[in-house]
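Some notes on the structure that comes next.
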Amino acid sequence: MEKRITEEKKEEGLLIKIKAFKEESKQKNLTVWLLFWTFCGAAIGSQLFVVANKELHTFIYVYLAFWGYFEFMVIKAFKWRRRGEEQLLITDNNVHYGRTFNNRGFLKPYRKDLVNMVRLSDDQTNTFVKTFSASYWVIGGERLSFTVNGKVIPFGLRLSDKETKQLMKKINDLLG
């Protein structure tokens with residue numbers, strides 16, 4: 001199994017990278033689903049140019065609104081699974097956190113003296129949100145979080161229990 005968490009010493013501090021969770025069989029299924037979903041949306045959308053019925057046009061527009069939302073969500077998850085990673089840069093004065101694609105993205109800085117210790121995220125047992133965020137086509141499943149000025153910053157997407165404990169200890173030692 002590939003190691004998902006890496007550490008890199010930088011001039012300004014320690015950079016921790018967490019690669020996105022990727023399972024090859026599920027990624028193939030997601031690819032097939034995305035192709036069919038795109039084809040279906042294009043096929044139904046093309047009917048706007050053929051059908052003259054106003055009620056059917058309204059139905060197609062509503063359908064395409066829902067279709068577009070899910071198309072966006074799946075493309076985002078597809079890209080995330082392939083090349084996404086969370087980055088946490090801990091410097092003397094700040095904690096920077098962000099999600100990047102192909103090393104492109106923005107790490108938001110938080111003043112280190114305002115950052116509370118990292119803790120396990122609240123477990124939403126038997127809830128729709130937990131079930132939904134566990135889906136492979138959704139970017140979710142944060143295991144850890146820290147609080148800054150009352151705002152909760154979740155991170156650690158789909159980490160194993162062992163990875164979660166190790167990362168929490170490492171970051172809390174650095175925040176110490």
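Read-outs throughout are calculated quantities, based only on the coordinates presented, and are distinct from any laboratory measurement. The shown structure was predicted, so the numbers you read here are calculated from the model rather than taken from an experiment. Positions of Cβ are backbone-derived with ideal geometry, glycine not excepted, and every protein chain shown enters the neighbour counts.
Treating the beta-carbon of each Lys and Arg as +1 and of each Asp and Glu as -1, no other charges, what is the dipole magnitude of the chain about its Cα centre, to the nearest 20 debye?
Dipole size: approximately 240 debye.
Considering only TYR136, TYR97, TYR61, give the residue with the highest GNM mean-square fluctuation for the chain, with springs between Cα atoms whenever their separation is below 10 Å.
Of TYR136, TYR97, TYR61, the most mobile in the Gaussian network model is TYR61.
Please find, in a Gaussian network model of the chain (springs between Cα atoms separated by less than 10 Å), the residue of SER145, SER46, SER160 whose mean-square fluctuation is greatest.
Per the Cα network of the chain with a 10 Å cutoff, SER46 tops the list.
Report the full-extension gain for the segment ASP92 to LYS28: residue separation times 0.36 nm, less the Cα-Cα distance, to one decimal in nm.
18.8 nm
Taking a 18 Å limit on the Cα-Cα distance, which of the listed pairs LYS10/LYS170; LYS22/LYS165; LYS9/LYS165; LYS17/LYS130; LYS108/LYS130; LYS28/LYS130 fall beyond it?
The answer is LYS22/LYS165; LYS9/LYS165; LYS17/LYS130; LYS108/LYS130; LYS28/LYS130.
So if each residue of separation counts as 0.36 nm, and I subtract the Cα-Cα distance between SER133 and ILE44, what length gain in nm does that give?
29.2 nm
Please build a GNM for the chain, connecting alpha carbons under 10 Å apart, and tell me which residue among TRP80, TRP33, TRP137 fluctuates the most.
In the Gaussian network model the winner is TRP33.
If the cut-off is 13 Å between C-alpha atoms, which aspartates and glutamates fall inside it for LYS3, apart from same-chain ones fewer than 8 positions away?
Candidates past the 8-residue exclusion: GLU85, GLU163.
Which of rounded, prolate, oblate describes the range 1-105, given a ≥ b ≥ c as roots of the alpha-carbon gyration tensor eigenvalues and a/c under 1.5 marking rounded, otherwise prolate only if a/b is larger than b/c?
It is prolate, given that a/c is not under 1.5 and a/b is the larger ratio.
With an 8 Å Cα cut-off and a minimum separation of 6 or more residues, compute the relative contact order for the chain in percent.
Rounded, it is 19 percent for the chain.
Among the GluC sites (Glu not before Pro) within the range 18-120, which fall in a DSSP loop and have no more than 11 other Cβ atoms within 10 Å of their own Cβ?
Qualifying residues, ordered by number: none.
For the chain, what percent of Cα pairs sit more than 22 Å apart?
55 percent
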